[in-house]
Amino acid sequence: QVQLVESGGGLVQAGDSLRLSCAASGRTFSSYYMGWFRQAPGKEREFVAAISGSGLITHYGDAVKGRFTISRDNANTVYLQMNSLEPDDTAVYYCAAKRSSTISAVLIDYDYWGKGTQVTVSS
């Protein structure tokens, strides 16, 4: 069982940066592939970024490629560095973990989810 807790959300202006954190419980955290997703009001949850257990493989959604960076450390935390934020980035951001060792942008591939953290970008 893995529990995920996101933090770092807030209200920022367009062009600003923000770093989200996802703290995970569990002794085998390093074996889980991790992802970030987001959901704006009235829209479906969409893929943002994913990272392998080793941290060496990453994958990004087209909307954030070149602006966001996913990373992880050895202390059970995954990060999402978000630069050049735009109003369209406004959403609740969710951290997710998957047991199988493959990078994935598909929601149903993930086994555990956090409750999310709100990011609001004003113009």
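Data table
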{"quantity": "In Hz, Karplus ³J(HN,Hα) per residue of the stretch 40-51 (6.51, -1.76, 1.60; θ = phi - 60°; x = Gly, Pro)", "calculated": "8, x, x, 10, 6, 5, 10, 6, 10, 7, 9, 9"}
{"quantity": "Sequence-distant residues sharing a close amide H with T90 (under 5 Å, placed H)", "calculated": "V121"}
{"quantity": "Heavy-atom accessible area order for V5, V92, V78, largest first, 1.4 Å probe", "calculated": "V5, V92, V78"}
{"quantity": "Amide H contacts under 5 Å for F68, placed H, 5+ residues apart", "calculated": "N83"}
{"quantity": "Computed FRET value (nearest 0.05) for D73 with L107, which takes r as the C-beta separation and R₀ as 22 Å", "calculated": "0.30"}
{"quantity": "Accessible-area order (highest first, 1.4 angstrom probe) of the listed residues E46, E6", "calculated": "E46, E6"}
{"quantity": "Solvent-accessible area, 1.4 Å probe, carbon plus sulfur percent, for the chain", "calculated": "47 percent"}
{"quantity": "Dimensionless Rg/Rh of the stretch 28-92 - Kirkwood Rh, Rg from C-alpha atoms", "calculated": "0.99"}
{"quantity": "Gain in span if fully extended, D16 to S122, counting 0.36 nm per residue against the direct Cα distance", "calculated": "37.2 nm"}
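The values are calculated or read from the model by the stated rules, or taken from the named source; none is laboratory data. Note that the structure is a prediction, hence the values are computed from the model and not measured. Because the Cβ atoms are built from the backbone with ideal geometry, glycine has one as well, and the counts that use them run over all protein chains shown. Keep in mind that these areas ignore ligands, DNA and RNA; they rest on the heavy atoms of the full protein, side chains included. Shrake-Rupley method; radii C 1.70, N 1.55, O 1.52, S 1.80 Å.
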